[in-house]
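One structure is given here, and the rest of the page talks about it.
The values are calculated or read from the model by the stated rules, or taken from the named source; none is laboratory data. The model shown is predicted, which means the values in this text are computed figures rather than measured ones. Cβ atoms come from the backbone with ideal geometry, glycine included; neighbour counts cover every protein chain shown.
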Amino acid sequence: MADDLTNKDLLAYYEYLSSVLYDHKNANIDLDDLSDAEHRFFGEALMQFGNMAIETREFANSISRGELDCPPPSRGNELAAPLKSLHATLKHLTWQAKQISGGDYEQHVDFMGEFSDAFNEMVEQLASRRREMEDEAERNQAHLEELARANSIFEVITSNMEEWIVMLDRHTSQRLFTNHDAKNILASDLLDEQLYGILKEYINSLSKDDEPKREEFTLISDACLQHFEVTLYPIKWMDHDAVACVLLDVTETKEEYNRLEDAAYKDNMTGIYNRLYGMKLLEEYTVNHTPFVLVFIDMDMLKYVNDVFGHAEGDEYIKSVAEILREFSNHAEICRLGGDEFMVLIKESDLGEGDLDETFEALRRKLARTNIIDESGKPLYYRSISFGIMKISESNELSTSDILAMADEKMYEYKKAHKQERRV
């Protein structure tokens, strides 16, 4: 009974942490439902930590969107302390940038290392250029020369930026300006052709409200993929209606994200998706009213194999089931829910011809042919699976737990019906 209570408590903690990550508005632990005072004390502390994590993430999201007027987290939230410091720094830098844009070139930064040097040098250059512009305006036609000088300032600033800057005419796609880094990297004709083709499409899709637009795309070079973020800014450039395309190479970030996501969603033993991914995908299908088929699969006699032949053999049995299920379809999502349970999800649009029951019967028979044979030629045990199939339409109103429960019930009906076939 104590183990049951412990498992129940652990499940409550797991579901709460999952909600913190994926559905924080509904993240909660029913403390009264925990087994004892110690678990209730731990549950309360866990919720305090979770609330701080949720608050910190929302604060970080606001900062990442540039919403610097967002309220800071509560004073007791120590997780958010570095973000609060960053928030204050960004607000101060924003204020300084506004002062500079208003002509106050006395602004300096002295607390951010190399950035301070670059920022202060830029301010000094801006101050110097402004003086030059004013002198030039006195000697020449004020409006035209001032515009030309402003554009030259832009070129000076962007020539030292890590981002690629590509300026195109909005109407003709004529190339007006490319900064130093972009020129060097786009020396390849293949990259040049790919990039300008993509940028032209984005420019053609810009709205007429002159709002900046952010996109992501991939370039292919020498069988390698480079991932980019690009922000398009409609501006006036000399006599042109232009678009400044600011590109940032995010390949390393993208690859690291994919690696972490893969590690989080894969079952270590079998290499197929794990319960976390399977339940996430099932929730998506259900919420979006996607027509799909769920096949709930239970291995027969895994406990017997573990008890008699050892867990190493039990692991081989589990791997053999995963390998068989992989053969079902390239479009299906195969997940190990844990222990001896698997789930297969197939969108209705990806279902091929043929009867699903017969298909899984065939997989079951194929699995049996992987039995381990002893010296006399007889199987040490029989490998087998039981399964239940649920077809879900777009009008479905069942919850994910209801769908799993009904599929599990069908699986047990199948298991009972084929009980005599399973021999040891």
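Considering only residues of region 383-407 that are in a helix (DSSP H, G or I) and not polar (S, T, N, Q), which is farthest from Val295 (Cα to Cα)?
So, considering only residues that are in a helix (DSSP H, G or I) and not polar (S, T, N, Q), the one farthest from Val295 (Cα to Cα) is Asp402.
Can you tell me which of Gln96, Gln107 is polar (S, T, N, Q) and part of a loop (DSSP other than H, G, I, E, B)?
Testing whether each residue is polar (S, T, N, Q) and part of a loop (DSSP other than H, G, I, E, B) leaves just Gln107.
For region 260-272, check the following and say yes or no: at least one residue is surrounded by fewer than 18 Cβ atoms within 10 Å (Cβ to Cβ), in contact (Cβ under 8 Å) with a residue 60 or more places away in the chain and out of contact with any Phe, Trp or Tyr (no Cβ under 7 Å at 6 or more places or on another chain).
Of the residues in region 260-272, the ones surrounded by fewer than 18 Cβ atoms within 10 Å (Cβ to Cβ) are 260-266, 268-269, 271.
Subset that is in contact (Cβ under 8 Å) with a residue 60 or more places away in the chain: 269.
When the remaining residues are screened for being out of contact with any Phe, Trp or Tyr (no Cβ under 7 Å at 6 or more places or on another chain), the result is 269.
There is at least one residue in region 260-272 that is surrounded by fewer than 18 Cβ atoms within 10 Å (Cβ to Cβ), in contact (Cβ under 8 Å) with a residue 60 or more places away in the chain and out of contact with any Phe, Trp or Tyr (no Cβ under 7 Å at 6 or more places or on another chain).
Checking Glu211 against (1) touching a strand residue (DSSP E or B) at 6+ places or on another chain (Cβ under 7 Å); (2) part of a loop (DSSP other than H, G, I, E, B): exactly one of these is not met. Which one?
Of everything listed in (1) touching a strand residue (DSSP E or B) at 6+ places or on another chain (Cβ under 7 Å); (2) part of a loop (DSSP other than H, G, I, E, B), Glu211 misses just condition (1).
Considering only region 93-123, state which residues are surrounded by 14 or more Cβ atoms within 10 Å (Cβ to Cβ) and closer than 22 Å to Glu58 by Cα.
Leu93
Inspect all residues belonging to region 399-419 and state whether any of them is in contact with an Asp or Glu (Cβ under 6 Å, 6 or more places away or on another chain), assigned by TED's automatic domain parsing to the domain that holds Leu345, under 24 Å from Asn306 (Cβ atoms) and not basic (Lys, Arg).
If we filter region 399-419 for residues that are in contact with an Asp or Glu (Cβ under 6 Å, 6 or more places away or on another chain), which is where we start, we get 400, 411.
With assigned by TED's automatic domain parsing to the domain that holds Leu345 added as a condition, the list becomes 400, 411.
Among the residues that remain, those that are also under 24 Å from Asn306 (Cβ atoms) are: 411.
Still in the running and not basic (Lys, Arg): 411.
Checking region 399-419: at least one residue is in contact with an Asp or Glu (Cβ under 6 Å, 6 or more places away or on another chain), assigned by TED's automatic domain parsing to the domain that holds Leu345, under 24 Å from Asn306 (Cβ atoms) and not basic (Lys, Arg).
Got a sec? Which of Glu155, Glu193 is charged (D, E, K, R) and at pLDDT 75 or above?
On inspection, the qualifying residue turns out to be Glu193.
Residue by residue, here is whether (1) on the phi > 0 side of the Ramachandran plot; (2) polar (S, T, N, Q) holds:
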{"residue": "Met238", "(1), (2)": "yes, no"}
{"residue": "Asp249", "(1), (2)": "no, no"}
{"residue": "Arg259", "(1), (2)": "no, no"}
{"residue": "Val287", "(1), (2)": "no, no"}
{"residue": "Asn306", "(1), (2)": "no, yes"}
{"residue": "Gly314", "(1), (2)": "no, no"}
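Which of (1) more than 18 Å from the chain's Cα centre (by Cα); (2) assigned to a helix (DSSP H, G or I) is the odd one out, the single condition Lys254 does not satisfy?
Here Lys254 clears every test but (1).
Here is a yes/no grid of residues against (1) at pLDDT below 80; (2) in the same structural domain as Ser173 (by TED's automatic domain parsing); (3) more than 18 Å from Ile165 (Cβ to Cβ):
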position	(1), (2), (3)
Ser205	no, yes, yes
Lys213	no, yes, no
Cys224	yes, yes, yes
Thr231	no, yes, no
Val250	no, yes, no
Glu261	yes, no, yes
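Can you tell me which of Asp36, Asp30 is closer than 24 Å to Arg275 by Cα, outside the structural domain of Glu283 (by TED's automatic domain parsing) and either touching a Cys at 6+ places or on another chain (Cβ under 9 Å) or not aromatic (Phe, Trp, Tyr) (or both)?
Matching residue, one of Asp36, Asp30: Asp30.
Rundown of residues vs (1) in a helix (DSSP H, G or I); (2) of a type in the set (Val, Ile, Thr), yes/no style:
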{"position": "Ser329", "(1), (2)": "no, no"}
{"position": "Cys335", "(1), (2)": "no, no"}
{"position": "Phe342", "(1), (2)": "no, no"}
{"position": "Ile346", "(1), (2)": "no, yes"}
{"position": "Asp357", "(1), (2)": "yes, no"}
{"position": "Ala362", "(1), (2)": "yes, no"}
{"position": "Thr370", "(1), (2)": "no, yes"}
{"position": "Glu375", "(1), (2)": "no, no"}
{"position": "Tyr381", "(1), (2)": "no, no"}
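Looking at region 56-71, I want the residues that are more than 15 Å from Pro82 (Cβ to Cβ) and have a partner that is basic (Lys, Arg) and surrounded by 10 or more Cβ atoms within 10 Å (Cβ to Cβ) with Cβ atoms under 6 Å, at least 6 apart or on another chain. Which pairs are those?
Note: pairs meeting the criteria are Leu68/Lys91.
Hey, does region 302-314 have a residue that's within 22 Å of Asn330 (Cβ to Cβ) and either touching a helix residue (DSSP H, G or I) at 6+ places or on another chain (Cβ under 9 Å) or modelled with pLDDT under 95 (or both)?
There is no residue in region 302-314 that is within 22 Å of Asn330 (Cβ to Cβ) and either touching a helix residue (DSSP H, G or I) at 6+ places or on another chain (Cβ under 9 Å) or modelled with pLDDT under 95 (or both).
What pairs come up if the first residue lies in region 274-285 and is touching a residue at least 24 places away in the same chain (Cβ under 8 Å) and assigned to a helix (DSSP H, G or I), the second is among the basic types (Lys, Arg) and surrounded by fewer than 15 Cβ atoms within 10 Å (Cβ to Cβ), and their beta carbons are under 9 Å apart, counting only those six or more places apart or on different chains?
Once the first residue is touching a residue at least 24 places away in the same chain (Cβ under 8 Å) and assigned to a helix (DSSP H, G or I) and sits in region 274-285, its partners that are among the basic types (Lys, Arg) and surrounded by fewer than 15 Cβ atoms within 10 Å (Cβ to Cβ) give Tyr285/Lys347.
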